[in-house]
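The values are calculated or read from the model by the stated rules, or taken from the named source; none is laboratory data. Treat the numbers as computed from the prediction; the structure is a model and nothing was measured. Cβ: placed from backbone, ideal geometry, glycine included. Neighbour counts: every protein chain shown. Ligands, DNA and RNA are excluded from the accessible area calculation, which covers all protein heavy atoms including side chains. Shrake-Rupley method; radii C 1.70, N 1.55, O 1.52, S 1.80 Å.
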Amino acid sequence: MQGQSQQQAYDRGITIFSPDGRLYQVEYAREAVKRGTASIGVRTEGGVVLAVDKRIRSPLMERNSVEKLHKADDHIGIASAGHVADARQLIDMARRQAQVNQLRYGEPIGVETLTKEVTDFIQQYTQVGGARPFGVALIVGGVEDGEPRLFETDPSGTPYEWQALAIGADRGEIEDYLEENYDETADLDAGIGLALGALASVNDGKLTPEGIGVAVIPSDTAQYEDLDDAQVESHLDEHGLLDTGEDEEEDEE
């Protein structure tokens with residue numbers, strides 16, 4: 001009974017390490033990330049691609065209210081997975097840091113610098129009593145001095161740099177797909193195709209433009225751009241991933 005009581009104390013205390021060196025609340029925050037819909041980042045020679053699953057729970061819901069893709073600065077985009085409210089707090093903080101850097105130094109903030117500013121902020125919430133960790137992971141992608149960069153933030157406050165990654169639900173399956181199909185020499189269009197193919201691999205092989213979001217930061221312009229439904233549909237059709245609903249009609253017949 002005493003051992004169980006001690007276990008519960010480690011479970012509740014964000015500032016207390018368990019005897020085996022774990023912070024349980026941080027691990028629970030990672031589980032919250034896994035419950036979020038998937039987000040994918042791909043770095044190519046031509047720029048960075050961010051793709052997200054914008055699963056709509058009801059046809060009555062406004063699509064634009066599903067916040068998964070965010071512009072942090074002209075040259076940096078962020079995709080999230082996990083608690084949306086937590087993501088908004090971190091993205092607002094990232095936007096402020098980008099503006100402070102521009103005002104203080106007269107130049108855009110670096111992608112790695114911004115990522116570490118965010119993870120430093122996240123880390124504070126793993127060692128302060130009376131608070132909880134952020135239940136969200138972010139993919140931070142952008143162009144720095146003409147070079148595409150892609151980072152992940154973890155609820156523990158640790159930054160990782162990737163060539164391609166997934167966060168949220170089905171991360172393992174999606175990253176298996178990315179590992180098998182990633183090409184370092186791919187251009188931006190191929191990167192979009194890879195990201196869409198990875199999302200489709202855990203969605204019955206087909207996608208609709210309404211159910212996903214895609215943003216790119218090309219190396220040549222270093223400008224964040226959201227793709228509209230027509231552009232997304234064109235890419236889905238090009239790669240044979242467009243869900244036209246014909247299979248369902250045949251099943252009904």
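Some notes on this structure:
- Test: residue in region 50-58 that is among the hydroxyl-bearing types (S, T, Y) and either part of a helix (DSSP H, G or I) or at pLDDT 95 or above (or both): no
- Sub-8 Å Cβ pairs linking a first residue in region 36-61 that is among the acidic types (D, E) to a second residue that is in a strand (DSSP E or B) and at pLDDT 95 or above, at least 6 apart or interchain, are E45/P148; D53/S39, ordered by first then second residue.
- Contact map, region 209-233: first residue open to solvent by 70 Å² or more (accessible area, probe 1.4 Å), second residue of a type outside the set (F, W, Y) and at pLDDT 95 or above, Cβ cut-off under 6 Å, separation 6 or more or different chains; pairs are Q223/D74; E225/V216; D226/A215.
- Selection from region 158-176 of residues that are over 19 Å from D86 (Cα atoms) and either in contact with a Gly (Cβ under 6 Å, 6 or more places away or on another chain) or open to solvent by less than 10 Å² (accessible area, probe 1.4 Å) (or both): L165, I174
- Selection within region 59-75 - open to solvent by less than 70 Å² (accessible area, probe 1.4 Å) and in contact with a Pro (Cβ under 8 Å, 6 or more places away or on another chain): D73, H75
- Qualifying residue in region 168-177 (condition: small (G, A, S) and assigned to a helix (DSSP H, G or I)): yes
- In the condition set (1) assigned to a helix (DSSP H, G or I); (2) at pLDDT 95 or above; (3) open to solvent by 80 Å² or more (accessible area, probe 1.4 Å), E249 is compliant with all but (2).
- Scope region 192-218; condition part of a strand (DSSP E or B) and not β-branched (V, I, T); matching residues: L207, G213, A215, P218
- Hits in region 111-161 (condition: of a type in the set (K, R), over 19 Å from E45 (Cβ atoms) and not in a loop (DSSP other than H, G, I, E, B)): K116
- Condition check for R22: part of a strand (DSSP E or B) and either touching a Pro at 6+ places or on another chain (Cβ under 6 Å) or open to solvent by 60 Å² or more (accessible area, probe 1.4 Å) (or both): no
- Region 123-157: number of residues that are of a type in the set (V, I, T) and open to solvent by 50 Å² or more (accessible area, probe 1.4 Å): 1
- None of E179, E184 is of a type in the set (D, E) and modelled with pLDDT of 95 or more except E179.
- Verdict on T244 being farther than 21 Å from K34 by Cα, in contact with an Asp or Glu (Cβ under 8 Å, 6 or more places away or on another chain), open to solvent by 80 Å² or more (accessible area, probe 1.4 Å) and not charged (D, E, K, R): no
- Among the residues making up region 33-49, those that are touching a helix residue (DSSP H, G or I) at 6+ places or on another chain (Cβ under 9 Å) and either surrounded by fewer than 20 Cβ atoms within 10 Å (Cβ to Cβ) or part of a loop (DSSP other than H, G, I, E, B) (or both) are K34, G36, A38, E45, G46.
- Subset of region 82-122 (residues that are in contact with a His (Cβ under 9 Å, 6 or more places away or on another chain) and open to solvent by 30 Å² or more (accessible area, probe 1.4 Å)): R88, R95, P108
- Against the criterion of being under 22 Å from A137 (Cβ atoms) and either at pLDDT 95 or above or out of contact with any Lys or Arg (no Cβ under 7 Å at 6 or more places or on another chain) (or both), A9 does not qualify.
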